[in-house]
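Everything on this sheet refers to the single structure shown next.
Where a number appears in this text, it was derived from the coordinates with a stated rule and is not lab data. The model shown is predicted, which means the values in this text are computed figures rather than measured ones. Glycine also receives a Cβ, built like all others from the backbone with ideal geometry; neighbour counts cover every protein chain displayed.
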Amino acid sequence: MHDPDALYRSVVATTPDAIVTMDDAGIIQFANPATGKLFGYSTAELQGMSLANLMPERFRAQHTAGLARYLATGTKRLDWSNLRLPGLHRDGHEISFSLSFGEYADGGRKIFTGIMRDISDIIRRENGLAFLLEASEVLTKSLDYESTLRSVAELATRSIADWAAVDLLDDGEIRRVAVAHPDPAKLQIARDLETKYPTDPASKTGIHHVIRTGERVVVPEIPAELLSSSAKDEEHLRLIQALDLKSYICVPLKLRDEVIGALTLVSSNPARHYTEEDADLASDLASRAAVAIDNARLFKQAEDARAAAEEANTAKSEFLAMMSHELRTPLNAISGYAELLEMGVRGEMTEEQLADVRSIQRSQAHLLSIINDMLNFAKLEAGKVLFSYVEVALDPLLGGLEELIRPQLLERKLDYEYRSHDPRITAELDGEKFQQVMLNLLSNAIKFTEPGGRIGLSWKIEGENVLVSVSDTGRGIPEDKLEPIFEPFVQVEQLRTRVAGGSGLGLAISRDIARAMGGDIGVESELGKGSTFTLKLPLRRSSEEVSSPVADSPP
Ligand code: ADP
């Protein structure tokens with residue numbers, strides 16, 4: 001025969017969920033074995049006890065008031081299923097459970113039934129994940145890893161630990177970079193302990209061991225005797241006891257199989273015994289921290305290397321500037337004395353002697369122009385060139401260039417065409433530097449175009465910029481040289497160029513000038529057909545550049 005009572009009794013006795021009933025005065029009428037297990041009491045002890053005793057103090061008044069209100073009004077203010085609540089274990093620690101409850105009448109009195117399921121593990125896991133998420137965010141925020149590690153340690157003491165510390169291996173020495181505890185007095189004790197009684201490197205559970213072996217240590221419950229037996233004297237014992245250490249985890253900080261430090265978590269809560277699962281969480285945190293440290297270190301290395309390269313480059317430019325300046329003095333003397341000889345001041349010269357002196361003069365002039373280019377370039381590279389910006393009408397300036405290059409055009413028998421544009425258009429630039437760049441592009445075009453060829457100059461406005469193009473029907477530039485020709489001393493054909501003259505610095509200087517004015521120079525070319533160099537410059541300077549004194553004055 002089916003016996004429903006026997007069935008219920010068996011279910012209630014064997015279910016892992018806690019089942020209690022309570023009368024309308026809040027007194028427990030019945031509790032199954034699982035309830036006893038959850039709260040640490042025997043079922044007999046629970047019977048007759050106020051249910052409020054199974055809740056943390058802070059919830060009791062609310063519970064009593066809620067019960068009274070329900071009895072008086074009959075309205076539910078809460079959903080009666082799956083409420084997440086904290087409970088109070090007999091030994092004082094809090095547990096988390098979900099509660100569903102119902103009611104029935106027994107002889108005119110209301111009886112409430114409650115089914116509770118322990119969700120402490122779920123809550124712990126949820127908290128762990130939330131912590132990890134928050135810590136990861138902190139870790140990616142800054143490249144100052146020491147302060148980042150301090151923030152992470154502090155974060156740990158708000159959820160998974162009472163104490164947290166990070167130690168890093170620095171040139172073979174272990175250095176504590178972060179230690180956190182919510183109570184500053186305890187923090188001081190930890191520091192005193194560390195300085196007065198440094199951890200024994202031989203200890204099998206200490207940081208040294210973890211860093212040496214790369215293996216983590218989990219101590220679910222630190223035996224009180226262990227603490228007292230490891231104390232070196234009274235003072236040491238007092239400090240250790242004051243720290244209130246109950247459970248402990250130490251995990252290595254590993255980077256590509258190399259141990260770079262350790263993360264330590266300590267609990268002072270007698271109810272929190274660290275498990276392997278907690279250690280997994282700590283290891284996860286440690287590997288994220290190690291990556292953050294690595295990123296910060298790599299960034300710093302790159303920064304240092306960049307600063308060193310910049311310094312070397314500045315030194316090189318300064319040397320070049322100084323040397324070319326020094327070379328100009330004797331070169332001027334050569335020119336002066338050659339002129340004296342040519343004028344016959346030292347006596348009549350033969351035709352042959354005169355021809356030699358003129359050779360000296362030509363070489364002197366060539367050398368001087370190379371040195372001037374070098375000085376110019378070195379000054380630009382060192383950022384020592386002064387730019388003075390004024391509003392310039394573009395058409396007259398560009399139209400006027402023909403006048404300056406006419407002798408070269410005539411000599412090379414080249415056609416020249418300037419395509420003029422709206423004369424009212426102005427741009428804010430350093431007119432002299434702009435002219436210098438244009439003359440360099442034009443004289444290159446002349447130099448590298450055979451007689452009978454054509455040189456063209458045109459310009460247009462595109463958005464916020466002016467684009468000025470110099471085109472020629474010269475021999476063009478091979479594809480693989482289009483970029484290198486802007487580097488200093490790069491010439492496509494050394495021999496040919498020597499005939500044409502030049503230092504190989506013209507384009508490097510021009511591009512530096514263009515970039516200093518916020519623009520750039522580009523080139524398109526077809527071998528045997530010709531080249532077009534285009535200078536692009538912003539019509540107006542940005543407000544940032546206007547307010548920056550560096551753009552206007554030498555450092
Ligand atoms: P330089 O003219 O003093 O040699 P540049 O830096 O002005 O130095 O030019 C570098 C090289 O680029 C030149 O030597 C030449 O080989 C190439 N180049 C520049 N402009 C032209 C051009 N318009 N046509 C062909 N080649 C050119």
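I want to make sure I understand the PRE zone here: with the label point 7 angstrom from the Cα of Arg238 toward its beta carbon, which residues in the stretch 157-173 have backbone N atoms less than 17 Å away?
Once the point is set 7 Å along Cα→Cβ of Arg238, nothing inside the stretch 157-173 turns out to lie under 17 Å by backbone N.
Compute the helix-to-body angle for 57-73: its Cα long axis versus the longest principal axis of the chain, expressed 0 to 90° and rounded to tens.
70 degrees
Using Stokes-Einstein with the Kirkwood hydrodynamic radius over Cα pairs, what translational diffusion coefficient do you get for the stretch 368-493 at 25 °C and a viscosity of 0.890 mPa s, in µm²/s rounded to a whole number?
Using the Kirkwood radius from Cα pairs, D works out to 151 µm²/s.
For each pair in Lys186/Lys232; Lys481/Lys536; Lys379/Lys413; Lys316/Lys413, compute the distance between the two Cα atoms and list the pairs where it is over 31 Å.
From Lys186/Lys232; Lys481/Lys536; Lys379/Lys413; Lys316/Lys413, over 31 Å: Lys379/Lys413; Lys316/Lys413.
Based on the Cβ-Cβ distance from Glu173 to Lys384, what FRET efficiency comes out when R0 is 51 Å, to the nearest 0.05?
Once rounded, the FRET efficiency stands at 0.70.
Per residue of the stretch 100-107, what does 6.51 cos²θ - 1.76 cosθ + 1.60 with θ = phi - 60° give for ³J(HN,Hα)? Whole Hz please, x for Gly and Pro, Karplus curve as stated.
Result, rounded to whole Hz: 10, 9, x, 8, 8, 9, 10, x.
Once you charge only the Cβ atoms, +1 for Lys and Arg and -1 for Asp and Glu, what is the size of the charge dipole of the chain about its Cα centre, to the nearest 20 debye? Write down the numbers at each step before the final one.
Values: 61 positive and 85 negative charges, 180 e Å.
Rounded to the nearest 20 debye, it is 860 debye.
In whole Å, how far is the Cα centre of the stretch 149-178 from that of the stretch 116-140?
Cα centroid to Cα centroid, the span is 19 Å.
Relative to the longest principal Cα axis of the chain, at what angle does helix 234-243 sit, 0 to 90 degrees, rounded to 10?
90 degrees
Using θ = phi - 60° and the Karplus form 6.51 cos²θ - 1.76 cosθ + 1.60, what ³J(HN,Hα) does each residue of the stretch 22-34 get, whole Hz, x for Gly and Pro?
These are the phi-based 3J(HN,Hα) values: 9, 8, 6, 9, x, 9, 6, 9, 8, 9, 7, x, 5 Hz.
Considering the stretch 148-243, what Rg and Dmax in Å follow from its alpha-carbon atoms?
Cα only, the stretch 148-243: 13.6, 36 Å (Rg, Dmax).
I'd like the distance separating the alpha-carbon centroids of the stretch 28-88 and the stretch 308-329, in whole Å.
Centre-to-centre (Cα) distance: 84 Å.
Beyond 34 Å, what percent of the Cα pairs of the chain remain?
66 percent
Count neighbours as other Cβ atoms within 10 Å of each site's Cβ, and list the trypsin sites (Lys or Arg not before Pro) in the stretch 425-465 that are DSSP loop with at most 15 such neighbours. Can you show the working numbers first?
Working: sites: Lys433, Lys447, Arg454, Lys460; in loops: none.
Here no loop site has a sparse enough neighbourhood.
Classify the stretch 225-345 from the C-alpha gyration tensor, please: rounded if a/c falls under 1.5, else prolate or oblate depending on whether a/b exceeds b/c.
It comes out prolate by the Cα gyration axes.
Longest segment of the chain with no chymotrypsin sites (Phe, Trp or Tyr not before Pro) in a DSSP loop having at most 14 other Cβ atoms within 10 Å?
Numbers: sites that count: Trp80, Phe489.
The segment 81-488 is the longest one with no such site.
Given 0.36 nm per residue, what is the gain on full extension from Glu526 to Leu298 after removing their alpha carbon distance, in nm?
77.7 nm
Quick one: angle between helix 351-381 and the longest Cα principal axis of the chain, in degrees between 0 and 90, rounded to 10, please.
Roughly 20 degrees between the two axes.
Please rank Leu226, Leu537, fewest neighbouring Cβ atoms within 10 Å first, as an exposure proxy.
Leu226, Leu537
For the stretch 239-308, what size does the Cα cloud have along each of its three principal axes, sorted from largest down, in whole Å?
On the principal axes, the stretch 239-308 reaches 54, 28, 15 Å in Cα extent.
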